[in-house]
1. Do you know which of the residues in region 609-625 that are surrounded by 21 or more Cβ atoms within 10 Å (Cβ to Cβ) and under 33 Å from the mean Cα position of the chain (by Cα) is nearest to residue 596 (Cα to Cα)?
2. Kindly provide the set of residues from region 337-387 that are in a helix (DSSP H, G or I), under 30 Å from residue 534 (Cβ atoms) and out of contact with any Ser or Thr (no Cβ under 9 Å at 6 or more places or on another chain), ordered by number.
3. With modelled with pLDDT under 80 and of a type in the set (A, V, I, L, M, F, W, C) as the only criterion, which of 547, 514 stands out?
4. Restricting attention to region 203-218, which residues are touching a residue at least 12 places away in the same chain (Cβ under 8 Å) and more than 10 Å from residue 419 (Cα to Cα)?
5. Inside region 358-413, can you point out the residues that are open to solvent by 40 Å² or more (accessible area, probe 1.4 Å) and charged (D, E, K, R)?
6. Looking only at region 652-679, which residues are assigned to a helix (DSSP H, G or I) and open to solvent by 50 Å² or more (accessible area, probe 1.4 Å)?
7. Any chance you could count how many residues in region 323-346 are open to solvent by less than 50 Å² (accessible area, probe 1.4 Å) and either on the phi > 0 side of the Ramachandran plot or under 27 Å from the mean Cα position of the chain (by Cα) (or both)?
8. Check off (1) part of a helix (DSSP H, G or I); (2) open to solvent by 50 Å² or more (accessible area, probe 1.4 Å) for residue 209 and give me the number that stays unchecked.
Amino acid sequence: RQRGEGKDKGLVEVGPGAAPPAETAPRAEVLPPERTPPPEMTDAILKMPLHKNVVAAAGEMFTRAGVARDESRLLSDQIMDLMAEGRLRPEDMAPILERNGIGWAEFGQEIWRPGVRDAATRLGALGLLAQRLGAIAKASPEAADALRELRGAAGEVDEAFRAMSWWRRADNIRRGLLVSQLATAVRNFETQVGRLGLDVLDQGLQRGLAEAFGRPATEASPWAAWESVLHVFQDPKITKGRVEAILSAFPKESDRLFTNYSSDVRSRAQKAGGGPINAVDRGFDKAEDAVQLLNAANRLQEYVVRRAVFQAELARRATTRGQNLVDMIDRNQVGTLDVEDVRASVNKALEITWARNPEWGSWPQKFISFINATPAATLAIPFPRFMVNSTRFFFEFSPVGVLKLLAPAERAAFARGDTRVLSRAILGTALLGTAYLFRDSEWAGEKWYEARLPDGRTLDLRPFNPFATYLFAAELLRRANKGEFQRTSGREMLQGVLGVNVRAGTGLAIMDKLIDGIFDTAGDLSKALQSAAQLAGETTAGFLTPLQQLRDVHAQFSEEAATVRTTREEPFLGPIKARIPGVAETLPPAPSPTQAGPMRREEPLARQLTGAVIGQAKNPAQRELDRLGFQRQEILRGTGDPVADNLIAKHLGPLVEERLVRYVESAEYARKTDAEKGVGLQKRLSVLRAIATARAKQEDRERFKTIKEEHRPIRQRFLRQEREEAVR
């Protein structure tokens, strides 16, 4: 190719059979065969006016995608990457091309025609290469590891950017709405800052252990960990600008860092797209934009933490290479940073916020993919990535984490000065010991997740996951130490295992309904259908979670709005109504079987501002029933009719406060063992329940008559119906 000086002053083709412009045509010259360029070395050349328009359009595209032009790469390659990653969608590119006077045909043909031709010739070779790599991997463990890592990188990108089907988009919207409350953002920020503080201790202990064992200098840096904390609270805007400047040169790592928030919710801005836009797609786009807006606080706090960790870790790594990160940003030299350092820094930021992807091909990665690919599975486990990461966190930061040193690779790392496994096991043991002391103190509530406030009210600590895991483990150890482990029911064990690994808010409510359905139906079809309807109602109500913020504000100043409402009388519609301010008050108050009067929500506005869930102060009977592990079905045995159950509970609550409280405060009760106390409470509850049932029957005789008939053996009912028909 060479520049011509024709009348269009463009670029023209020269080669076999191509005539140069007349104005500059050289004298006829016959090239010897060995100097004749082969055909594949010649191609049509972009004309200058079109070239300028393409460059201008590409510049707009880079601005639209939020990345810098990488001069070391071909223009077409960089645009192709942005399209493959979902950062440039056809609907975004079309108006840019139109503004620059370029059509799709010209843009695609002139930019990628040579590349497409090359790719077509290479596909066959790539298929053969894949077969050969598979054969090599079978013969060589080292090659298998390398191939697994390569597939992991490709799979991670595929997992993050592949186009979602309509139900996955709908489920992503639902999960985004589950964490849209201000209370959730506050809790997540509190736990992530706690994780940053733990990282400071971890990094310091790693370095101290390496020196104590006489190991080589470790990469652990307590100062870098402390810088992460400082970046969160000091000039987060400056940190944001620097991180964006760095990641403009590494768009793939930028996408990994900001693709998801709350571990599993996919960011609207990074959703893969493409294809024609129809009314359904536009509807989903608008809904996703609304979810992003509602999650502004949640995404803000999480990205603030991620940016802080990313910058501090990358600065540490750059320093070890003799570079100064801030100077490189100021001189616009971030493109020379080592890509592995950038990737490792992103991994660290995702790890701190419990959002890192597991190794490709591992069982945790397969578990996450299975849950996300199964519509019904996300109802039970809406945030599988968070569950996997929080479980891994507890394993590493616990006494059993030291078992990782049994692996040869971990022992070799320890010999090189990497004391991470030992450091985290020590810190985890300290956390577990602290939780044990708390559960054995006067400030612990009767349930494993409760803390007792000075005024007698309780604080639910389950929302502060995954640190609540230590309270559950400590409670199991405390019971085992006191010979009370047998008091742990299957329901409580399942609640503990699942409850500490779900995001707070509606996720806990759905989990509770699921567990109730498992343990309470007991083969009863009517109960099973009722539980299924209530689970469906809670799931649907998840789309209305943002309205809970309005309800909490209203409830702070209204006694009526603060009253807890029962949804059991309307299994499906009840949970939906309970989310809507004004409509929730049309539901009947929820009576408690262990206290007089309906239950009420305490400090609902404080819940939004601090993330703390405060419960009512318990009477002495309630404290004893909770301490001894009484379940609701032991206190109030269901009739199968929610209205009848609420009537019985309404009459049972005052009886418990009047008579059972007096019993648990007596000297006779104090002299009994816990086993004797449990039997004594069970007998008295049976008597009080019979009295409450009799009073409820007087209030609604027809309802209880119908219930009695429905509970007759099926053959007796057939006989009765036959006799009634004979009389008629």
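The values are calculated or read from the model by the stated rules, or taken from the named source; none is laboratory data. No experiment lies behind these values; they were computed from the predicted model shown. Neighbour counts are summed over all protein chains in view; Cβ atoms, including those assigned to glycine, are modelled from backbone coordinates with ideal geometry. To get the accessible areas, we keep the full protein, side chains included, count just its heavy atoms, and leave off ligands, DNA and RNA. Shrake-Rupley method; radii C 1.70, N 1.55, O 1.52, S 1.80 Å.
1. Top of the filtered list is 613.
2. Matches in region 337-387: 367, 368, 369, 370, 373, 377, 378, 380.
3. Criteria check complete, one pass: 514.
4. 204, 216, 217
5. Within region 358-413, 359, 366, 392, 404, 410, 411 meet the criteria.
6. 654, 657, 658, 659, 662, 667, 668, 670, 674, 675, 676, 679
7. 5
8. Against the list (1) part of a helix (DSSP H, G or I); (2) open to solvent by 50 Å² or more (accessible area, probe 1.4 Å), residue 209 comes up short only on (2).
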